[in-house]
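Enquirer: One structure, pasted below without further comment.
The values are calculated or read from the model by the stated rules, or taken from the named source; none is laboratory data. Note that this is a predicted model, so its numbers are computed, not measured. Every residue, glycine among them, receives a Cβ derived from its backbone with ideal geometry; neighbour counts consider all protein chains shown.
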Amino acid sequence: MSDPASPKNSGRNSSEGREANAGFLRIAVLLAALCLVAAMFSMRDGTAPPLTLNIDRPALVFETYMRHEGLDPIPMQPLLTPYFTFVNKGAATVMIQEVKAGCSCISPEITSKEIAPGQQGRVMLPIKTRHEPAGLREYMTTVKYLDPKPREVTLTYKVVLPEKQVEIEPRVVMLMGKISSSDHSIITINDHRTERYADPMKIQSVVSSSPLFKAELLGQTSNDGIGRTTIDVRFADGIPMGQHRGLVTITTSDEAYPVIQVPVILGDRRRPEDEAVSLSPDAGRVIVQSTDASKSVGTSITFTIPSKWKLSHIDTFPPQLVGKIEKTEPLGTDKTQLVVKLTISELPTKGIEQGNLTLFAKDGEDSEMVSVPITLTWR
């Protein structure tokens, strides 16, 4: 066995020590070189541009972009009123260009079309659920604005609607093409509510909003736990050219469903070029103040019609809706522009949420009609 203290082992230890010292020396030289390079760069004049971050952020910041009522069905209610709050965190005034609903059951509103820096506001989404199917529903609304760059944001509302209690079939009566008095449609109201089976809703009236059709109650029956109401809709001969809209309005004794309305659409949009008609907007709206009818506010509708038409009168439904001609102006030699302002004379029956305005005219011996759907939003 070798002696650790022998000269042979002593030489090997000396060699290993020299190699270790050399390794440490190389590392020290490398670190010194790196420090020297860093010092040289730090002493140079600042010729490079400073590092900046350019973050292009939209001005409107919403408290939330999606509201979810959870996975449990909400109580039955004909109108939902969710809203989304926002604030303008930009340096310029925001100009709202459009608030566009994802479906016809939403009537979106915004507190202002101009949002100053730091100003808060709301986007309201009144949602009519009466004709919406049960289950998880997703409602979207798009807000387009300038800040001054064009921006777009989508707001989403999710909710689980309860199982249907009252079903209306069809939701819209629609007939295209040539129509005669031999044509008719049946509207069926099915009431699935077990608590009302012994005391079903009673129909108080059935009203047609247009002379182009007439709706009548056929009868009410109860069978297999379902209360069923049937209404017959019959149409007139000689329906004028164009697409026409009306309503079948059913009033009942039921507190949950005091009014049921079914839109009726007849004919089509095809017209000869010299008979072309345009509307702006293509639907009207009235904000009904339920506490004071005089404070209700309606939109104006611009009709562009053939100048050869001789205006007869304007009819409205409900009768409390008023359409007043504000301006008549010729456009060239073949077109005339009419501006009609919507107001109400008094409060209509509570529960009426849809109406119509119809312009009647004569083209020689031919009758002409232009109808416009009107939404009544109660406040």
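Enquirer: Can you confirm whether Ser278 is out of contact with any helix residue (DSSP H, G or I) (no Cβ under 6 Å at 6 or more places or on another chain), under 12 Å from Thr336 (Cβ atoms), surrounded by fewer than 18 Cβ atoms within 10 Å (Cβ to Cβ) and not basic (Lys, Arg)?
Expert: Working: out of contact with any helix residue (DSSP H, G or I) (no Cβ under 6 Å at 6 or more places or on another chain): yes; under 12 Å from Thr336 (Cβ atoms): yes; surrounded by fewer than 18 Cβ atoms within 10 Å (Cβ to Cβ): yes; not basic (Lys, Arg): yes.
Spelling it out, Ser278 is indeed out of contact with any helix residue (DSSP H, G or I) (no Cβ under 6 Å at 6 or more places or on another chain), under 12 Å from Thr336 (Cβ atoms), surrounded by fewer than 18 Cβ atoms within 10 Å (Cβ to Cβ) and not basic (Lys, Arg).
Enquirer: List the pairs whose first member sits in the range 201-215 and is in the same structural domain as His184 (by TED's automatic domain parsing) and farther than 10 Å from Val233 by Cβ, whose second member is hydrophobic (A, V, I, L, M, F, W, C) and assigned to a loop (DSSP other than H, G, I, E, B), and whose Cβ atoms are under 8 Å apart, counting only residues at least 6 apart or on separate chains?
Expert: Close Cβ pairs (under 8 Å, with a partner that is hydrophobic (A, V, I, L, M, F, W, C) and assigned to a loop (DSSP other than H, G, I, E, B)) amount to Pro211/Ala236; Leu212/Ala236; Leu212/Ile239.
Enquirer: On the basis of being touching a Leu at 6+ places or on another chain (Cβ under 8 Å), closer than 30 Å to Asp191 by Cβ, at pLDDT 90 or above and not charged (D, E, K, R), does Val264 make the cut? Spell out how you get there, then give the answer.
Expert: On the way: touching a Leu at 6+ places or on another chain (Cβ under 8 Å): yes; closer than 30 Å to Asp191 by Cβ: yes; at pLDDT 90 or above: yes; not charged (D, E, K, R): yes.
The answer is yes for Val264.
Enquirer: Now for a different question. Cβ-Cβ under 9 Å, sequence separation 6+ or interchain: first residue in the range 70-96 and on the phi < 0 side of the Ramachandran plot and outside the structural domain of Thr129 (by TED's automatic domain parsing), partner assigned to a loop (DSSP other than H, G, I, E, B) and charged (D, E, K, R). Which pairs?
Expert: Close Cβ pairs satisfying both conditions: none exist.
Enquirer: Only one of Tyr157, Tyr139 is more than 26 Å from Pro318 (Cβ to Cβ), in contact with a Cys (Cβ under 8 Å, 6 or more places away or on another chain) and surrounded by 13 or more Cβ atoms within 10 Å (Cβ to Cβ). Can you tell me which?
Expert: From the options Tyr157, Tyr139, the qualifying one is Tyr139.
Enquirer: Now a separate question. Take the residues of the range 252-305 that are of a type in the set (Val, Ile, Thr) and assigned to a loop (DSSP other than H, G, I, E, B): which is nearest to Glu326 (Cα to Cα)? Show your work before the answer.
Expert: Start the filter on the range 252-305 by keeping residues that are of a type in the set (Val, Ile, Thr), which leaves 252, 259-260, 262, 264-265, 277, 286-288, 291, 297, 299, 301-302, 304-305.
Now drop any that are not assigned to a loop (DSSP other than H, G, I, E, B), which leaves 277, 291, 299.
Values: Val277: 19, Thr291: 27, Thr299: 12 Å.
Ranking the qualifying residues of the range 252-305, first place goes to Thr299.
Enquirer: Kindly indicate the residue of the range 160-183 that is hydrophobic (A, V, I, L, M, F, W, C), over 23 Å from the mean Cα position of the chain (by Cα) and part of a loop (DSSP other than H, G, I, E, B) and also surrounded by the fewest Cβ atoms within 10 Å (Cβ to Cβ) among those meeting that condition.
Expert: Out of the qualifying residues, it is Met176.
Enquirer: Return yes or no: is Val322 of a type in the set (A, V, I, L, M, F, W, C), assigned to a strand (DSSP E or B) and more than 19 Å from Pro240 (Cβ to Cβ)? Full working, then the answer.
Expert: Details: of a type in the set (A, V, I, L, M, F, W, C): yes; assigned to a strand (DSSP E or B): yes; more than 19 Å from Pro240 (Cβ to Cβ): yes.
Spelling it out, Val322 is indeed of a type in the set (A, V, I, L, M, F, W, C), assigned to a strand (DSSP E or B) and more than 19 Å from Pro240 (Cβ to Cβ).
Enquirer: Looking at (1) exposed (fewer than 15 other Cβ atoms within 10 Å of the Cβ); (2) in contact with a Gly (Cβ under 7 Å, 6 or more places away or on another chain), which is the only condition Ile186 fails?
Expert: Of everything listed in (1) exposed (fewer than 15 other Cβ atoms within 10 Å of the Cβ); (2) in contact with a Gly (Cβ under 7 Å, 6 or more places away or on another chain), Ile186 misses just condition (2).
Enquirer: While we're looking at this one, here's another question. Could you list, in sequence order, the residues of the range 97-140 that are of a type in the set (A, V, I, L, M) and over 15 Å from the mean Cα position of the chain (by Cα)? Let's see the steps before the verdict.
Expert: We begin by selecting, within the range 97-140, every residue of a type in the set (A, V, I, L, M); these are 99, 101, 106, 110, 115-116, 123-125, 127, 134, 136, 140.
The answer is Ile115, Ala116, Ala134, Leu136.
Enquirer: While we're here: Restricting the search to the range 330-367, which residues are among the acidic types (Asp, Glu), exposed (fewer than 13 other Cβ atoms within 10 Å of the Cβ) and either within 24 Å of Asp254 (Cα to Cα) or in contact with a Ser or Thr (Cβ under 7 Å, 6 or more places away or on another chain) (or both)?
Expert: Filtering the range 330-367 for residues among the acidic types (Asp, Glu) gives 334, 346, 353, 363, 365-366.
Next, only the ones that are exposed (fewer than 13 other Cβ atoms within 10 Å of the Cβ) stay: 334, 346, 365-366.
Within the range 330-367, Asp334, Glu346 meet the criteria.
Enquirer: Going through Thr221, Thr291 one at a time, which residue ends up being exposed (fewer than 15 other Cβ atoms within 10 Å of the Cβ), outside the structural domain of Ile344 (by TED's automatic domain parsing), of a type in the set (S, T, N, Q) and out of contact with any Ser or Thr (no Cβ under 7 Å at 6 or more places or on another chain)? Before you say what the answer is, go through the steps one by one.
Expert: On the way: Thr291 fails: outside the structural domain of Ile344 (by TED's automatic domain parsing).
Residue meeting the stated conditions: Thr221.
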